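One structure below.
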Amino acid sequence: MEILAPAGSREAFLAAVNSGADAVYLAAKSFGARAFADNFGLEELAGLLRWAHLRGVAVYLTMNTLIRDDEMADALELAQQLHNMGADALIVQDWGFADLLRRHYPEITLNASTQMTLHNSAAVSWAEQTGFARVILAREVSLADITAIKAETDVELEVFGHGALCICFSGQCLFSSLVGGRSGNRGRCAQPCRLKYQLWRYNEGQKPDESIGAVGHLLSPRDLNAIELLPELAAAGVCSLKIEGRMKTALYVATVARTYRKAIDDYQKDPELYRKNMPWYLEQIASGTFRQFTT
C-alpha cells in the first residue's frame, strides 16, 4: 500500500521523501485546492520532480478546484506543462476539465479527486470508464463500502488515512462560501467549522430557548487516524493511503509519514510485530496534532 504524503512547501516535500513516502502530492501556484499553501512555481516543480524520481518517489500534481470557463485554456496549458515535466498523475475535480484533458491529452494520467464525491460502485465504475486511472474515494466511505466498490471495479482506490476531516460530505461543502465568500471548491476554504458556536433550540413561539446553551467547537471533527486499520484497508483493496496536510509543517509531514512507513513495513514483516508496536505508532503521531483522533 502506497504512502502518499502532502507537500505545501519545499521543506515539507523534502521531509516527505526523506521520511519514507512512496509518493507526494502538491500543487502549482494555481488550480490547487489549498490556495493558501506556499505551493510551487514551475521551475521549482521541475527540479523537485527530478529529485523525487531519482529516489523512486512518484509525484502527483493537484489541479482539483472547479474551473471557470474563462480559466479553462490556462488550466489546459498548465496541465500539459506539468505532464511534460514528468508529473506521474494529475488529481482533478472538475468533470468538464477532465473531459477536455481526455480529448486533447489522452496520455496524461488522471486521478479523480475526493472532491468529486465518488462514493459508490456506480460512480467509481463511471470514473473507470471515463478514463481515470485512480479514484480517491470520498472521505466518508466506510470500510465495508470500500470492499464492495473494489469488488465491482479494477480501478485503483486511494483513501485518506490520516489528518483533518471535514464536517461536510467530501466536495460538497458550501459553508465557507455562504458565511465568508471563500469557496472550498476554489481552494479558499476559511474553515468556519473549526470555530466556536452556540447551540440554540427554538420553542413553539419560534423564540430561542436559552436553556441548552451548549458552546464549543460543535462542528469540528476529530482528526482521522487509520494506523490501527492498515490490515483492513489492505484487505479492502486500497492501493494508496493518503495523509492530509498541505497546510501542515514539514515536521508534521515527516512524523506522520515516517510512522506510517514503519507500521506498514512492520506489518509486512510480521503482523504480530505491527500489533506489538501499535502503542509506539500512536504515541508518535499524537505528538503532531492538537485535536483528538477518530477512525
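List of remarks:
- Verdict on Thr147 being of a type in the set (Ser, Thr, Tyr), open to solvent by 60 Å² or more (accessible area, probe 1.4 Å) and more than 17 Å from the chain's Cα centre (by Cα): yes
- Condition met for Leu14 (within 19 Å of the chain's Cα centre (by Cα), touching a residue at least 60 places away in the same chain (Cβ under 8 Å) and surrounded by fewer than 21 Cβ atoms within 10 Å (Cβ to Cβ)): yes
- Residue tally, condition assigned to a loop (DSSP other than H, G, I, E, B) and either surrounded by fewer than 17 Cβ atoms within 10 Å (Cβ to Cβ) or basic (Lys, Arg) (or both), over the stretch 182-192: 3
- For the stretch 34-43, the condition of being open to solvent by less than 10 Å² (accessible area, probe 1.4 Å) and either among the basic types (Lys, Arg) or outside any strand (DSSP E or B) (or both) holds for none of the residues.
- Taken over the stretch 247-269, the residue count meeting the criterion of being open to solvent by 50 Å² or more (accessible area, probe 1.4 Å) and of a type in the set (Phe, Trp, Tyr) is 1.
- Within the stretch 116-139, the set of residues being in contact with a His (Cβ under 8 Å, 6 or more places away or on another chain) and open to solvent by 20 Å² or more (accessible area, probe 1.4 Å) is empty.
- Count of the stretch 276-286 residues which are out of contact with any Asp or Glu (no Cβ under 9 Å at 6 or more places or on another chain) and open to solvent by 90 Å² or more (accessible area, probe 1.4 Å): 2
- Within the stretch 13-34, not a single residue is modelled with pLDDT of 95 or more and of a type in the set (Lys, Arg).
- First in the stretch 193-210 and at pLDDT below 65 and open to solvent by less than 100 Å² (accessible area, probe 1.4 Å), second anywhere and basic (Lys, Arg) and in a helix (DSSP H, G or I), Cβ under 6 Å, 6 or more apart: none
- A single entry from Ala73, Ala133 fulfils the requirement of being more than 25 Å from Ala164 (Cβ to Cβ) and more than 17 Å from the chain's Cα centre (by Cα): Ala73.
- Thr147 being modelled with pLDDT of 90 or more, part of a loop (DSSP other than H, G, I, E, B) and of a type in the set (S, T, N, Q): no
- Matching residues in the stretch 246-262 - criterion: being touching a strand residue (DSSP E or B) at 6+ places or on another chain (Cβ under 7 Å), assigned to a helix (DSSP H, G or I) and either at pLDDT below 95 or of a type in the set (Gly, Ala, Ser) (or both): Ala257
- The sole residue among Ile243, Ile227 that is farther than 30 Å from Asp69 by Cβ, in contact with a Ser or Thr (Cβ under 8 Å, 6 or more places away or on another chain), at pLDDT 95 or above and surrounded by 12 or more Cβ atoms within 10 Å (Cβ to Cβ) is Ile227.
- Within the stretch 58-115, being open to solvent by less than 50 Å² (accessible area, probe 1.4 Å), part of a helix (DSSP H, G or I) and among the hydrophobic types (A, V, I, L, M, F, W, C) holds for Met72, Ala75, Leu76, Leu78, Ala79, Leu82, Phe97, Ala98, Leu100, Leu101.
- Matching option when the condition is modelled with pLDDT of 80 or more, over 27 Å from Val135 (Cα atoms) and not in a loop (DSSP other than H, G, I, E, B), among Val159, Val179: Val179
The values are calculated or read from the model by the stated rules, or taken from the named source; none is laboratory data. Please read all numbers here as calculations on a predicted model, not as lab measurements. Virtual Cβ from ideal backbone geometry, glycine too; neighbours counted across all protein chains shown. Remember, those area values only see protein heavy atoms, side chains included, never the ligands or the DNA or RNA. Shrake-Rupley method; radii C 1.70, N 1.55, O 1.52, S 1.80 Å.
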